[in-house]
Each structure stands twice: as C-alpha cells, then as structure tokens.
Amino acid sequence: MNQLQKIYDNNIAWAEKIKKDKPNFFSDLSKQQSPEYLWIGCSDSRVVAEQLVGLQPGELFVHRNIANVVVPTDLNCLSVIQFAVEVLKVKHIIVCGHYGCGGVKASMQRIEHGLIDNWLCHIKSVHQKNEEELLGIADETERLDRLCELNVIEQVKNICHTTVVQRAWRNNKELTVHGCIYTLETGILKDLDMRFSAMGDMNDIFQLRQPKRDVYKPSLNIMKNNLRDGK
Ligand code: CO
C-alpha cells in the first residue's frame, strides 16, 4: 500500500471541491500566475501562509525557511526575491515570523544542534545586537517572543539591503517590504508597523548608487598599459 495514499486521496478531494465551485479554476490558473505578494515565512507546519491570510492559489508567492531568515548570501532566497520582484512584479514583500518559533528558541541556547547552528548564527547576531533590551526582559517566554519580533525587523532590513530591492526602488518601482508576526495560539497576524518603500528609509551605509559608467576606465587603462609593458 502506498504510504502516501492519504495525501493523494486528500488531493483528489481538494481538486474536486474547487472544480465544483469554479469549473475553470485550474485551467485559468495554469496559464499564468500574478501574485501581488511575496511571503517569506518560517517552515513551521503551523504557520500556513496562504490559509492564514485567506488567499487563493496564485495569489501568494512563497519562500519559507527555518525562522524566516534572509541572508544576503543565500542564493535560494535571493533568487526567489529577484524572480518575485523582477518577473512577477510583486508589490509587497511580507516577512512573517511567529511567536514561540523553535528556530529562534534554539538560537538562544548554548547547546549544539548540529548543522543548523550555522543557520541560527544569524539569529544569534540579532540577539547580540539587541542584548541590552533582551536582558531587561525577565520572563523567558516574553524574551523569546521579543527576539522573534526583532528577528522579523532585522530580516525586513536585510531584504531592503539586497541589490534586487534597491534596483527596483532606484527604477521607481512600487515595492514595499513589511514585517508581521503570527500568534499560534490565536491564529492572529500582528502588523509590526515596519514598512520600507524607498531607498531613503534605510540607513545610509546600505544605500547603493549606480556606479558611473566610466568608473572602471582608469583601472582598465592601467591594466592595458601593464600588458603592453609586459608587467
Ligand atoms: Co518558526
């Protein structure tokens, strides 16, 4: 017996239910997707992206990883952001964290968990940056939940620092990066009041300007001369 039979049976029931309500749903959807939102959330099985915001297939482009971390060298996440912004032309990127996140909790411990500790290091950095505030919270659960919020805030900023988002803003594309957090116990999503929609919203050190075309010329000339002189 196929051990995944339940999954396949559920799938047939799901597809049939949708077709009953909207006979052309799948054929229309197969032609194109035009989501307005990119969702970057935690892999946690309880934080069900489309369902918790009541969106239908085709309406949300989704990337999930442990503890919704955006690292500027993660090609997987960066490719998702580039495709979403430049090809699908999403208008909003939403980072969604959740209270009680296991990944964030693990990052607060001094126990070795294996490979994942390398990933969790990014959250430890958020912890370190906000140590003073976090040390002031006596209750352990409250401290974890605050770090879950701070982690979202940091990841929103990391998205804004990517060349993809900055290029979109430089080209006057409408794009806003938002941060929110989900409560497992209530099913409610809280807006963290984080909204970045222009280059000026970021710390100046991260604001990238396009280099002038001839900026490399002097060094090219030096290289040419070196070649000519056999250096
Ligand atoms: Co989580």
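Residues whose amide H lies under 5 Å from that of Leu192, counting only those 5 or more places away or on a different chain, are Gly179, Cys180, Ile181; hydrogens are built 1.01 Å from N in the peptide plane. For the chain, adding -39500 (n - 2.57) for each run of n ≥ 4 DSSP H residues and dividing by the number of residues yields -13000 deg cm²/dmol at 222 nm. For Ile66, nonlocal amide neighbours, meaning residues 5 or more places apart or on other chains whose placed amide H falls under 5 Å from its own, are Ser43. Loop-only trypsin sites (Lys or Arg not before Pro) in the stretch 1-88, please: DSSP not H, G, I, E or B, and at most 14 other Cβ atoms within 10 Å. Sparse-neighbourhood loop trypsin sites (Lys or Arg not before Pro): Arg46. Residue by residue, the stretch 127-139 carries 3J(HN,Hα) couplings of 4, 4, 4, 10, 4, 4, 4, 5, 5, x, 9, 6, 6 Hz when phi is fed to the Karplus relation 6.51 cos²θ - 1.76 cosθ + 1.60 (θ = phi - 60°); x denotes Gly or Pro. Taking Cα centroids, how far is the stretch 171-211 from the stretch 42-63 in Å? Distance between centres, Cα-based: 19 Å.
Remark: the chain carries a charge dipole of roughly 1320 debye about the Cα centre, counting +1 on each Lys and Arg Cβ and -1 on each Asp and Glu Cβ. When the Cα positions of Ile181, Gln210, Trp169 are compared along the charge dipole of the stretch 166-217, Gln210 comes out farthest toward the positive end, with charges on each C-beta of Lys, Arg, Asp and Glu.
Residues in the chain average 64 Å² of solvent-accessible surface per residue, probe 1.4 Å, ligands and nucleic acids excluded. For the stretch 135-214, the list of GluC sites (Glu not before Pro) that fall in a loop by DSSP and count at most 14 other C-beta atoms within 10 angstrom reads Glu174, Glu185.
Which GluC sites (Glu not before Pro) does the stretch 58-138 hold that lie in a coil by DSSP with at most 12 other beta carbons within 10 Å? Sites meeting the loop and neighbour criteria: Glu112.
The values are calculated or read from the model by the stated rules, or taken from the named source; none is laboratory data. In this text the structure is predicted, and so the values were computed from the model without any measurement. Reconstructed Cβ throughout: ideal geometry from the backbone, glycine too, with neighbour counts over all protein chains shown. Surface accessibility is based on the protein's heavy atoms, side chains included, excluding ligands, DNA and RNA. Shrake-Rupley method; radii C 1.70, N 1.55, O 1.52, S 1.80 Å.
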